[in-house]
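Input: a single structure, listed below in structure tokens.
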Amino acid sequence: MPKCAVITGVTGQDGSYLAEFLVKRGYRVVGVIRRASGPNLSRIEHLQDQIDLRPADLLDQLSIVRLLDEVKPDEVYNLAAMSFVPTSWEQPVLTGDINSQGVTRVLEAIRQVNPKVRFYQASSSEMFGKVREVPQTEVTPFYPRSPYGVSKVFGHYMTVNYRESFGIFGCSGILFNHESPRRGLEFVTRKVSNGVARIKRGLSNKLALGTLDAKRDWGFAGDYIRAIWLMLQQDRPDDYVIASGVTHSVRDLVEVAFSHAGLNWQEHVVVDPKFHRPAEVDLLVGDATKAHRELGWAPEVDFEALVKMMVDADLDRLGPRQPVSSTSTAGVLDTRG
Ligand code: NDP
Ligand code: GDR
């Protein structure tokens, strides 16, 4: 019998990579989709005949119980979340309902339907926020700086608590930022790669960003989902930091991305205070020693290769250069976020 995995958040960046990975390993993959008024499956279109898509919503307890009852999975990967940090200040209640109580709902469904199901929770380096030590490890205290970060701390500790209270095989992966050509357009890496491609193709001339000083530990999503899977294959459940161990500023990101396309970033990037956050996370850098040692995990794609991969993908997507007239006033690219 092939193993069966349920993935919440299958339409998102990580869900699509994880679904591909599990299909290749012979899993029966059930992806959870919530109702949308239009098509929302662009990241998993190529997998549609290889995975089973079922409706459920992290806001609806009964839908999760029904799903687990019908599907009888061996593993549940809870990747669904309201994942964009700035939106969490605009919609803090919804953020908490999905990212915090949503985790409780899935854990309760597992407890009720089959407590032997293995559970993965998508925790985040945003939990470290105003960092208490550098680099951050599994034992670094949390100090979240946004409703998103706070909501993820709740989900993290519920996972730990259901493991300790009910013996559920629950693992929490504390993943640092990971990106790919499938990243949402509002996140800074993709906003930059897409902005570079638009400028290179003559569709725009400026890119408006927030702070260039914030530093992140960026990796490739395709590498990080391997670590997620490895966590659920161990003899005992535990929590792991997954990170590259190298940090770069947004300015570094911009420099690599623009120069890869033969552009000078200083001619195109403008700082717009509207993208500044009410409270910023200034520096993240993770120490994944435990994952290296216990999971045998290591990333394969470094920062420069990642940024170049994303710029190339956006250049390919936009196709050949558009003709620009000498009087063109192609506007500032001002995507949400
Ligand atoms: P995305 O934003 O790309 O995907 C989020 C997914 O969650 C989408 O499939 C979305 O569905 C789904 N979703 C949102 N709300 C609900 C709901 N109420 N019920 C069911 N599904 C819902 O995120 P990523 O793939 O980047 O991240 C995956 C997870 O990992 C998230 O939990 C994120 O917080 C966490 N994380 C991500 C990191 C990163 O760098 N990418 C780092 C650390 C943690 P829909 O398509 O319908 O909107
Ligand atoms: P983050 O990712 O908040 O770290 O959360 P994001 O790419 O949004 O921001 C990274 C850093 O870049 C700065 N920045 C900008 N960010 C955006 N989005 N747009 C801009 O114009 C811009 N200019 C500068 C930000 O201020 C920040 O410092 C991501 C999400 O995937 C979370 O779900 C996940 O948990 C964490 O990574 C780890």
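Which of the residues that make up the stretch 75-95 are touching a helix residue (DSSP H, G or I) at 6+ places or on another chain (Cβ under 7 Å) and open to solvent by less than 20 Å² (accessible area, probe 1.4 Å)?
Residues satisfying the conditions are Val76, Tyr77, Asn78, Val85, Ser88, Thr95.
Between residues in the stretch 214-227 that are surrounded by fewer than 24 Cβ atoms within 10 Å (Cβ to Cβ) and residues that are basic (Lys, Arg), which pairs lie under 8 Å by C-beta distance while being six or more apart or on different chains?
Matching pairs, first to second residue: Ala221/Arg182; Ala221/Arg183.
Looking only at residues that are hydrophobic (A, V, I, L, M, F, W, C) and over 24 Å from Ser88 (Cα atoms) in the stretch 184-207, which one is farthest from ligand 2 (Cβ to nearest atom)?
Ranking the candidates gives Leu203 first.
Could you grab me the full set of residues in the stretch 102-123 that are open to solvent by 10 Å² or more (accessible area, probe 1.4 Å) and either within 14 Å of ligand 2 (Cβ to nearest atom) or free of Cβ contacts under 8 Å to residues at least 24 places away in the same chain (or both)?
Matches in the stretch 102-123: Ala122 only.
For Val254, which of the numbered conditions (1) of a type in the set (Val, Ile, Thr); (2) open to solvent by less than 10 Å² (accessible area, probe 1.4 Å); (3) within 16 Å of ligand 1 (Cβ to nearest atom) fails to hold?
With (1) of a type in the set (Val, Ile, Thr); (2) open to solvent by less than 10 Å² (accessible area, probe 1.4 Å); (3) within 16 Å of ligand 1 (Cβ to nearest atom) applied to Val254, the lone miss is (3).
For the stretch 185-203, which positions are open to solvent by 10 Å² or more (accessible area, probe 1.4 Å) and not β-branched (Val, Ile, Thr)?
Across the stretch 185-203, the qualifying residues are Leu185, Glu186, Phe187, Arg190, Asn194, Arg198, Lys200, Arg201, Gly202, Leu203.
Taking into account only those residues within the stretch 19-74 that are β-branched (Val, Ile, Thr) and in contact with a Pro (Cβ under 7 Å, 6 or more places away or on another chain), which is surrounded by the most Cβ atoms within 10 Å (Cβ to Cβ)?
Val30
Looking for whichever is within 21 Å of Gly222 (Cβ to Cβ) and more than 8 Å from ligand 1 (Cβ to nearest atom) here; the options are Leu41, Leu67. Which one fits?
Being within 21 Å of Gly222 (Cβ to Cβ) and more than 8 Å from ligand 1 (Cβ to nearest atom) holds for just one of Leu41, Leu67, which is Leu41.
Based on this model, can you work out whether Gly9 counts as modelled with pLDDT under 95 and either open to solvent by less than 70 Å² (accessible area, probe 1.4 Å) or among the hydroxyl-bearing types (Ser, Thr, Tyr) (or both)?
no
Modelled with pLDDT of 95 or more, away from ligand 1 (no atom under 12 Å from the Cβ) and of a type outside the set (Val, Ile, Thr), is that true of Gly202?
Criteria met by Gly202.
Given Asp97, Asp57, which one is in a loop (DSSP other than H, G, I, E, B), closer than 23 Å to His156 by Cβ and not small (Gly, Ala, Ser)?
Asp57
Across the stretch 124-153, what is the total count of residues that are surrounded by fewer than 18 Cβ atoms within 10 Å (Cβ to Cβ) and more than 13 Å from ligand 2 (Cβ to nearest atom)?
Within the stretch 124-153, residues that are surrounded by fewer than 18 Cβ atoms within 10 Å (Cβ to Cβ) and more than 13 Å from ligand 2 (Cβ to nearest atom) number 8.
The values are calculated or read from the model by the stated rules, or taken from the named source; none is laboratory data. Because the structure is a prediction, the values reported are computed rather than measured. Cβ coordinates were reconstructed from backbone atoms using ideal geometry, including for glycine residues, and neighbour counts include every protein chain displayed. These area figures cover heavy atoms from the full protein model, side chains too; ligands, DNA and RNA do not enter into them. Shrake-Rupley method; radii C 1.70, N 1.55, O 1.52, S 1.80 Å.
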